[in-house]
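Here is the structure we will look at.
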Amino acid sequence: MPFEPMTPVGGDEKPSLSRSSSFKRKLSIPSVGYKRVLVLGSGSFGSCLADHLADIGHQTRIWARNADVVESFNTHHKNPKYLTDHTFSKNLKAVGPEFPSFEDLLLYNVIVMAIPSQSMSSVLKNLVPLFEEKKDKAPLLVFANKGIEAGSCFLPIEIIERECGKDIAKVSTFLSGPSFAKEIVQRMPTQVTIASFSATHAEQACEVFHQGHFLTFSSTDPVGVELAGALKNVYAIASGVASGLGFQQNTRAGLVTRASAEMQKIGTAFNADPLTFLSLAGVGDLFLTCSSENSRNFTVGKRLGEGEKLDHILETLGSTAEGVFTAEAMHELLGRLEMSAPIAEAVYDLLYKGATAADMADRLMGLPSMPEMARPMARRSSHSERFMQAVGVLSPAQSPSATPGGSPPVSRPQSRTGINALPDDK
Ligand SMILES: NC(=O)c1ccc[n+]([C@@H]2O[C@H](COP(=O)([O-])OP(=O)(O)OC[C@H]3O[C@@H](n4cnc5c(N)ncnc54)[C@H](O)[C@@H]3O)[C@@H](O)[C@H]2O)c1
Ligand SMILES: O=P(O)(O)OC[C@H](O)CO
C-alpha cells in the first residue's frame with residue numbers, strides 16, 4: 001500500500017482526539033516529525049499502539065497475518081478479534097496477510113513489534129534481510145512485548161541479539177509500563193518507560209509516541225525494564241490467586257511488596273539498576289497488573305484460585321497471558337542463577353507441578369520469619385554474563401574467570417535500598 005508524501009495525516013491540520021473521554025489535550029507535532037510506522041502484530045496491544053500512532057499523525061500501517069483482520073481494519077476501522085468495541089483511527093491502514101516484502105519494509109523508518117514473546121523470534125527473522133541491507137541505518141525498533149522465551153529463558157533483547165546480532169540489540173528500544181490497551185484506545189492518561197542501551201534511540205522512540213494522553217520517559221536500562229515487564233506477569237498470577245481464594249487488601253499489598261523485592265533481587269543478577277524496579281516499568285506495572293481484573297495474568301490466577309483448571313482457562317481466555325510461559329522460563333532461570341524467589345516458584349508449582357491454590361497459600365504463609373531488608377548482593381550468573389558480553393556491556397576481561405578469587409567490578413550503581421537481595425540468598 002503506497003505512502004503519501006511525508007506530511008501529517010490530514011494535511012497541516014492537527015488530528016483531533018475524537019474518541020477521547022473528558023481528558024482532552026491539544027496534540028502537538030512530534031518533535032522527531034511525522035514518521036512512517038509499521039506495527040507488527042494486530043492483537044490488543046499492537047492495535048492500540050497503531051491507533052495511537054496513526055491518530056497523532058504518523059503514517060501508520062499495521063500488519064495482520066489474518067486476511068479478515070486486514071479487511072476489517074481497512075473497511076470498517078474495526079479489529080474483529082480484539083478491542084471489538086473500539087473504532088480505530090481512520091488514518092490507520094492494515095497490510096497483510098503476507099508479511100511485508102523487502103521493498104515495502106524499506107519504506108518505514110519506525111517498526112513497532114507487539115508479538116507475544118513466544119512468537120517474537122519467528123517474526124523477527126523476517127526483518128534480518130532488512131537489517132543486513134540497511135546496516136547502521138536500520139529503522140527505529142520498538143519492542144512492546146513483556147515476557148521471557150520458554151526453553152532459552154531469553155529476554156526479548158537476547159532474542160534480538162541471537163536473531164539479528166548485537167548491533168541491532170544495542171539500538172533496539174523497549175516500551176513497558178502500566179498500559180492496558182483498552183484504556184489507551186479510550187485516550188485515558190497513560191505513562192510508560194521506553195528503554196535502550198542507546199540513550200539516543202530511547203529518546204527518539206519517546207518522541208515518536210509522546211503526546212498529551214500518552215507520556216513517555218526514557219531509560220538506559222533495557223534489561224531492568226524488560227525483566228520487570230516479564231516478571232510482573234508471574235506475580236500478577238499470584239495476586240489473582242490470592243483474590244480467587246477470597247483474600248483481600250492486606251494480602252495483596254504484602255504480596256506485591258515481596259514480589260517487588262524478588263524482582264529487584266533477580267534484576268541484580270542481570271546487572272539491572274535497582275531503581276528501575278521503582279519505575280513505571282517496575283512498580284507501576286506491578287501494581288496495575290496485580291490489582292485489576294482487566295489483567296489477563298491476574299484473571300488466570302483468580303480463576304485458578306476459584307478452582308478452575310488451567311487448560312480450560314487458557315482455552316477460554318481469548319488472549320495472551322505471558323505470565324504462564326514466563327513462570328516456566330523463570331523457574332529454569334532461577335535454577336541457573338542459583339537463586340530462590342518463593343512467590344515465583346509457588347506460581348510455577350501451581351501451573352506446572354499440580355499444586356493447588358490452597359497449597360500455594362499454605363506454602364507462602366509457612367515461610368519462616370526473616371529480616372525484611374538485606375544488603376544488596378551482586379549475584380551475576382554465567383547466563384547473564386554471556387549475554388552482557390554478547391551485547392558489549394561487559395568485556396571478557398571483567399568476567400570472573402579473568403578475575404582470580406573474586407567477582408568482577410559491577411558497572412551499575414549499587415542499591416542503597418537494600419531490598420534487592422532477600423535473606424535466603426544462597
Ligand atoms: N494487551 C495489553 O494491554 C498489553 C499491554 C502492554 C503490553 N502487552 C504485551 O504485548 C504483547 C502482545 O500482547 P497482546 O495483548 O497484543 O496479545 P493478544 O493475545 O491480544 O494478541 C496477540 C497477537 O499476536 C499475533 N501473533 C501471535 N503469534 C504470531 C506470529 N507468529 N506471527 C504473527 N502474529 C502473531 C496474534 O495473531 C494476535 O493478533 C505481549 O507480550 C503483552 O504482554 C500487552
Ligand atoms: O493483561 P496483562 O496481564 O497481559 O497486562 C497487560 C499489560 O502488561 C499491563 O501493563
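The values are calculated or read from the model by the stated rules, or taken from the named source; none is laboratory data. Treat the numbers as computed from the prediction; the structure is a model and nothing was measured. So basically every Cβ, Gly included, is an ideal-geometry build from the backbone, and we count neighbours across all protein chains shown.
Each row is one residue, and each column tells you yes or no for (1) more than 29 Å from VAL324 (Cα to Cα); (2) charged (D, E, K, R); (3) at pLDDT 95 or above; (4) surrounded by 18 or more Cβ atoms within 10 Å (Cβ to Cβ).
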| position | (1), (2), (3), (4) |
| --- | --- |
| ASP68 | no, yes, yes, no |
| GLU71 | yes, yes, yes, no |
| ASN79 | no, no, yes, yes |
| THR84 | no, no, yes, no |
| LEU92 | yes, no, yes, yes |
Any chance region 331-339 includes a residue that's touching a residue at least 24 places away in the same chain (Cβ under 8 Å), part of a loop (DSSP other than H, G, I, E, B) and in contact with a Lys or Arg (Cβ under 7 Å, 6 or more places away or on another chain)?
yes
crowded, with 18+ Cβ neighbours inside 10 Å, within 23 Å of the chain's Cα centre (by Cα) and of a type outside the set (Val, Ile, Thr), is that true of ALA329?
yes
Within region 192-209, which residues are away from ligand 1 (no atom under 13 Å from the Cβ) and of a type in the set (S, T, N, Q)?
SER196, SER198, THR200, GLN204
I'd like the full set of residues that are in contact with a Ser or Thr (Cβ under 6 Å, 6 or more places away or on another chain), within 20 Å of SER122 (Cα to Cα) and among the hydroxyl-bearing types (Ser, Thr, Tyr), limited to region 142-187.
THR173
Any helices (runs of 4 or more DSSP H) falling wholly within region 93-135 and containing at least 2 residues that are within 16 Å of ligand 2 (Cβ to nearest atom) and touching a residue at least 60 places away in the same chain (Cβ under 8 Å):
117-124
Across region 184-206, the tally of residues that are touching a residue at least 40 places away in the same chain (Cβ under 8 Å) and either small (Gly, Ala, Ser) or crowded, with 20+ Cβ neighbours inside 10 Å (or both) stands at 11
Only one of GLY151, GLY147 is in a loop (DSSP other than H, G, I, E, B), in the same structural domain as LEU40 (by TED's automatic domain parsing), surrounded by fewer than 21 Cβ atoms within 10 Å (Cβ to Cβ) and within 16 Å of ligand 1 (Cβ to nearest atom), namely GLY151
Of the residues that sit in region 162-178 and are hydrophobic (A, V, I, L, M, F, W, C), part of a helix (DSSP H, G or I) and more than 16 Å from MET388 (Cβ to Cβ), which one is nearest to ligand 1 (Cβ to nearest atom)?
CYS164
Return a yes/no flag: does region 62-73 have any residue that is hydrophobic (A, V, I, L, M, F, W, C), more than 16 Å from ligand 2 (Cβ to nearest atom), assigned to a loop (DSSP other than H, G, I, E, B) and without any contact (Cβ under 8 Å) to a residue 60 or more places away in the chain.
yes
Within region 75-87, tally of residues that are closer than 29 Å to GLU226 by Cα and more than 14 Å from ligand 1 (Cβ to nearest atom):
0
With ALA397, ALA361 as the choices, which residue is away from ligand 1 (no atom under 16 Å from the Cβ), modelled with pLDDT under 95 and either in a helix (DSSP H, G or I) or under 23 Å from SER176 (Cα atoms) (or both)?
ALA397
Do any residues in region 239-265 that are part of a loop (DSSP other than H, G, I, E, B) have Cβ atoms under 6 Å from those of residues that are modelled with pLDDT of 95 or more and surrounded by 24 or more Cβ atoms within 10 Å (Cβ to Cβ), where the two are at least six apart or on different chains, and which pairs are they?
LEU245/GLY305
